[in-house]
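Peer 1: For reference, the structure I am asking about is given below.
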Amino acid sequence: MEFDSSRRKFLQAGLALPAAGLIASHCPDAAGQTPINPGYRTLGRTGLTVTGVGCGIGLIPDPAVLVRAVDLGVNYFDTARVYEKGKSEEIAGGALRGRRNRIVLASKTDGLTKADVIRDMDESLKALRTDHVDIWHLHSRDTPDSITDEAVEAQEMLKRQGKTRFIGISAHDINAVVDKIIKLGKHDVVQTTYSYAIGSERNSAIHKLHEAGIGVVAMKVIVAMAGFMPPKNGTRVLKDEGPLAAVKWVLRNSDISTTVPYAKNIAEVEMNFRAMSEPYTPRDETMLFARNQEIRPLYCRMCYECKDKCPNGVPVTDQLRFLSYNDFAGDLRQARSHFMRLPQEIRNVKCSDCASCAVECPNGVEVRNRLIRAQNLLA
Ligand code: SF4
Ligand code: SF4
């Protein structure tokens, strides 16, 4: 294993990763006396020990970044069957070969029917070159109806078969589905959006999940706060250490088990990793506050206050989220890929045809202008 200053700092902070720690609920110190360690958290009732900084695998990951993450000690990895029609899983499967027993691996299915969920699992296992995943999520379930009985039944069956150790739900709008998830009582893990830009409006739902013993994974933790401006030529340029501050801010919430920031290159994965051994400082707060003000008209906080408010059926939050993949993460491919999955009749709606917009954003997003940009760029 490569041993450099990033990993050394992690080790000095007492955060060394034991391979066997994946099934323990604590990481004792050398004397076996101290079970609390700020770099590790327990993933709810799974009992899995995970690093607070995980790794979002993304659509087309760089294998070297994934390998570097494992070598640093990051142990939670997240992908999805739908990412580039399985290509993300295939690349991850190759990169993580020989390292599988050192990580907790999560993937997701878009399937609504039993048959689709089962088919996706078999294809995911093949692509990931493993005989099981650790977490198998239902992907993008932002309404209670999207958590279908037969999809949950299929998840439970796959768990009994040992193809997944635990089951989960991934949701952008956790406030809309938290009660259903808790009432069902079947899911071990929930992944949801959470960041400085989003603020505290998810805190109550996240706390409810935590209290119910469900492990909470935070996604979209750095997208807006990374210090990028809308990139030119698809090139993402880091202006400062905003990503590091953004991950540190999320980790201050002890209801969060882990995070899945996406890193495009080794410098970024190393920066994210530092969030486990460095304190959140007043300088971080100043930087994030300033950045948050700067992006106010541009970045949708995914509060869903404008849900169903467009008389022409535009899914405002979704289209703005897709745009953010380009404007804040420099990934036009990802932005287009999501946009093109919308139904054709929705893609045909042009906000430029409206003289004014019926949607008012309480967070100050210039909705019509941003949607016009999204539709021109991504359609
Ligand atoms: S556009 Fe505004 S109101 Fe709508 S989800 Fe985004 S932040 Fe909330
Ligand atoms: S401009 Fe506003 S009201 Fe018109 S289609 Fe777009 S979101 Fe809907």
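The values are calculated or read from the model by the stated rules, or taken from the named source; none is laboratory data. Here the structure is a predicted model, which is why all the values come from computation and not from measurement. So basically every Cβ, Gly included, is an ideal-geometry build from the backbone, and we count neighbours across all protein chains shown. Protein only, heavy atoms only, side chains kept; ligands, DNA and RNA dropped before computing areas. Shrake-Rupley method; radii C 1.70, N 1.55, O 1.52, S 1.80 Å.
Peer 1: Evaluate the stretch 136-159: report whether one residue or more is assigned to a loop (DSSP other than H, G, I, E, B), of a type in the set (Asp, Glu) and surrounded by fewer than 18 Cβ atoms within 10 Å (Cβ to Cβ). If you could, list the steps in order and put the result at the bottom.
Peer 2: Here is the first cut: in the stretch 136-159, the residues assigned to a loop (DSSP other than H, G, I, E, B) are 139-143, 147-148.
Imposing the further condition that a residue be of a type in the set (Asp, Glu) reduces the set to 142.
Still in the list and also surrounded by fewer than 18 Cβ atoms within 10 Å (Cβ to Cβ): none.
There is no residue in the stretch 136-159 that is assigned to a loop (DSSP other than H, G, I, E, B), of a type in the set (Asp, Glu) and surrounded by fewer than 18 Cβ atoms within 10 Å (Cβ to Cβ).
Peer 1: Identify the single condition in (1) at negative phi; (2) assigned to a loop (DSSP other than H, G, I, E, B) that Asp116 does not satisfy, given that it satisfies every other one.
Peer 2: (2)
Peer 1: Can you name every residue in the stretch 62-79 that is open to solvent by 10 Å² or more (accessible area, probe 1.4 Å) and part of a helix (DSSP H, G or I)?
Peer 2: Selection gives Pro63, Ala64, Val67, Arg68, Asp71.
Peer 1: Still on this structure, I have one more. Would you say Pro343 is over 21 Å from Tyr196 (Cβ atoms) and away from ligand 1 (no atom under 12 Å from the Cβ)?
Peer 2: It is true that Pro343 is over 21 Å from Tyr196 (Cβ atoms) and away from ligand 1 (no atom under 12 Å from the Cβ).
Peer 1: Still on this structure, please answer the following. Could you tell me how many of the residues in the stretch 58-73 are closer than 20 Å to Val189 by Cβ and at pLDDT 95 or above?
Peer 2: Step one: filter the stretch 58-73 for residues closer than 20 Å to Val189 by Cβ, giving 58, 69.
So of that shortlist, the ones also at pLDDT 95 or above come out as 69.
Selection size over the stretch 58-73: 1.
Peer 1: May I ask you to verify whether Leu371 is touching a residue at least 12 places away in the same chain (Cβ under 8 Å), open to solvent by 20 Å² or more (accessible area, probe 1.4 Å) and either of a type in the set (A, V, I, L, M, F, W, C) or under 27 Å from Asn265 (Cβ atoms) (or both)?
Peer 2: On the way: touching a residue at least 12 places away in the same chain (Cβ under 8 Å): yes; open to solvent by 20 Å² or more (accessible area, probe 1.4 Å): no; either of a type in the set (A, V, I, L, M, F, W, C) or under 27 Å from Asn265 (Cβ atoms) (or both): yes.
In short, no.
Peer 1: Follow-up. Identify the residue in the stretch 245-269 that is open to solvent by 20 Å² or more (accessible area, probe 1.4 Å) and hydroxyl-bearing (Ser, Thr, Tyr) and, among all such residues, is farthest from Asp71 (Cα to Cα).
Peer 2: Among them, the one singled out is Ser254.
Peer 1: Moving on to the next point. Would you mind listing the helices (runs of 4 or more DSSP H) fully within the stretch 293-379 where at least 1 residues are within 12 Å of ligand 2 (Cβ to nearest atom)?
Peer 2: It comes to 316-327, 344-347, 367-378.
Peer 1: Can you go through Asp188, Asp173 and tell me which one is modelled with pLDDT of 95 or more and open to solvent by less than 60 Å² (accessible area, probe 1.4 Å)?
Peer 2: The match here is Asp188.
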